[in-house]
Amino acid sequence: MSLLELKDITRKYKLGQVQVTALGGVSLSIENGEYVSIMGPSGSGKSTLLNIIGCLDLPSTGTYKLGGKHVESLKDSQLADIRNQQIGFVFQQFHLLPNLTAQENVELPLIYKGVWGKERGKKAKEALESVGLGDRVSHLPFQMSGGEQQRVAISRAIVSDPSLILADEPTGALDSRSSQNIMEIFQRLNKELGITIVQVTHEKEVALYGKKIYHLRDGAIENIEIIQ
Ligand SMILES: Nc1ncnc2c1ncn2[C@@H]1O[C@H](COP(=O)(O)OP(=O)(O)OP(=O)(O)O)[C@@H](O)[C@H]1O
Ligand SMILES: [Mg+2]
């Protein structure tokens, strides 16, 4: 059974009299343990697609099955549970809370999950250590480089043991050395922990870490490139 299966997904926005079709009928399946990339010009629907996969947004039409469940029939609270328990998100701009230390940022999803006491701190520290930030736990975001902040964001994404990581241009704000470092972490999470990864990127070098590249154009899959 596929981890996720999208069939004829559309997403339309109404702006006054004008209708914008962000996705015009996308079908794709992703298996457990796959590492896939999504590429395409600006405005082609990449973030829209990733947000639907991440249950942050619902399609206008079409069906989406995640782990065998029909997402469109779930309540908001059930969607929130899926996001908290099964999915880790990584964004271009890190989205760390500026007044919290690295460790406190990483602890946030555990608070939502109801993990308390020493266990929470221990898990957050382990996640930070796993990305080479064991000596940055007390730093605030502004006291870290972009690459380090993104590693904190990855720690936050993996701390609750998700089966799926969704990353929207995770290296878009980083220099090439930090980008490579982030991609090596993703590769390790995929290979060693079997976490499924779906990443959106503009950079071919980054896309090539995936085993499959979906090329989007005008809200549709133009072609699928298989990486040997
Ligand atoms: N909330 C919204 N309301 C109206 N139109 C929207 C909304 N969000 C996205 N769109 C439109 O949908 C289309 C796809 O947007 P999307 O953000 O998915 O593109 P993208 O491929 O991620 O682009 P980029 O590479 O610039 O991030 C665009 O034409 C955009 O203007
Ligand atoms: Mg985008």
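So the values come out like this:
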| item | result |
| --- | --- |
| Qualifying position, being within 25 Å of Gly121 (Cβ to Cβ), more than 16 Å from ligand 2 (Cβ to nearest atom) and more than 16 Å from the chain's Cα centre (by Cα), among Glu222, Glu148 | Glu148 |
| In the stretch 36-54, the residues that are more than 12 Å from Arg217 (Cα to Cα), within 14 Å of ligand 2 (Cβ to nearest atom) and in contact with a Lys or Arg (Cβ under 6 Å, 6 or more places away or on another chain) | Thr48 |
| Count of the stretch 66-125 residues which are crowded, with 20+ Cβ neighbours inside 10 Å, touching a residue at least 40 places away in the same chain (Cβ under 8 Å) and among the small types (Gly, Ala, Ser) | 2 |
| Hey, Ile224 of a type in the set (A, V, I, L, M), away from ligand 1 (no atom under 16 Å from the Cβ) and in contact with a helix residue (DSSP H, G or I) (Cβ under 9 Å, 6 or more places away or on another chain) or not | no |
| Within the stretch 22-35, tally of residues that are within 16 Å of ligand 2 (Cβ to nearest atom) and touching a Lys or Arg at 6+ places or on another chain (Cβ under 7 Å) | 2 |
| Hey, Gly25 modelled with pLDDT of 95 or more, assigned to a loop (DSSP other than H, G, I, E, B), surrounded by fewer than 18 Cβ atoms within 10 Å (Cβ to Cβ) and within 15 Å of ligand 1 (Cβ to nearest atom) or not | no |
| Residue identified as in contact with a Gly (Cβ under 7 Å, 6 or more places away or on another chain) and more than 21 Å from Gln150 (Cα to Cα) among Leu28, Leu23, Leu74 | Leu23 |
| Options Glu192, Glu184, Glu203: the member that is within 16 Å of ligand 2 (Cβ to nearest atom) and either closer than 16 Å to Tyr35 by Cβ or basic (Lys, Arg) (or both) | Glu203 |
| Residue that is at pLDDT below 95, of a type in the set (Gly, Ala, Ser) and on the phi > 0 side of the Ramachandran plot, where the choices are Gly194, Gly117 | Gly117 |
| Selection from the stretch 209-221 of residues that are within 12 Å of ligand 1 (Cβ to nearest atom) and not hydrophobic (A, V, I, L, M, F, W, C) | Tyr214, His215, Arg217, Asp218, Gly219 |
| Count of the stretch 155-174 residues which are over 21 Å from Ser47 (Cβ atoms) and crowded, with 21+ Cβ neighbours inside 10 Å | 3 |
| Helices (runs of 4 or more DSSP H) completely within the stretch 28-125 that count 1 or more residues being more than 16 Å from ligand 1 (Cβ to nearest atom) | 76-86, 102-113 |
| Matching residues in the stretch 1-22 - criterion: being touching a residue at least 60 places away in the same chain (Cβ under 8 Å) and surrounded by fewer than 14 Cβ atoms within 10 Å (Cβ to Cβ) | Met1 |
| Only one of Val206, Val152 that is surrounded by 17 or more Cβ atoms within 10 Å (Cβ to Cβ), at pLDDT 95 or above, part of a helix (DSSP H, G or I) and within 16 Å of ligand 1 (Cβ to nearest atom) | Val206 |
| Subset of the stretch 186-197 (residues that are out of contact with any helix residue (DSSP H, G or I) (no Cβ under 6 Å at 6 or more places or on another chain) and crowded, with 16+ Cβ neighbours inside 10 Å) | Phe186, Leu189, Asn190, Thr196 |
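The values are calculated or read from the model by the stated rules, or taken from the named source; none is laboratory data. Small disclaimer: the values here were computed from a predicted structure and weren't measured. Glycine gets a Cβ as well: all are built from the backbone with ideal geometry, and neighbour counts include every protein chain shown.
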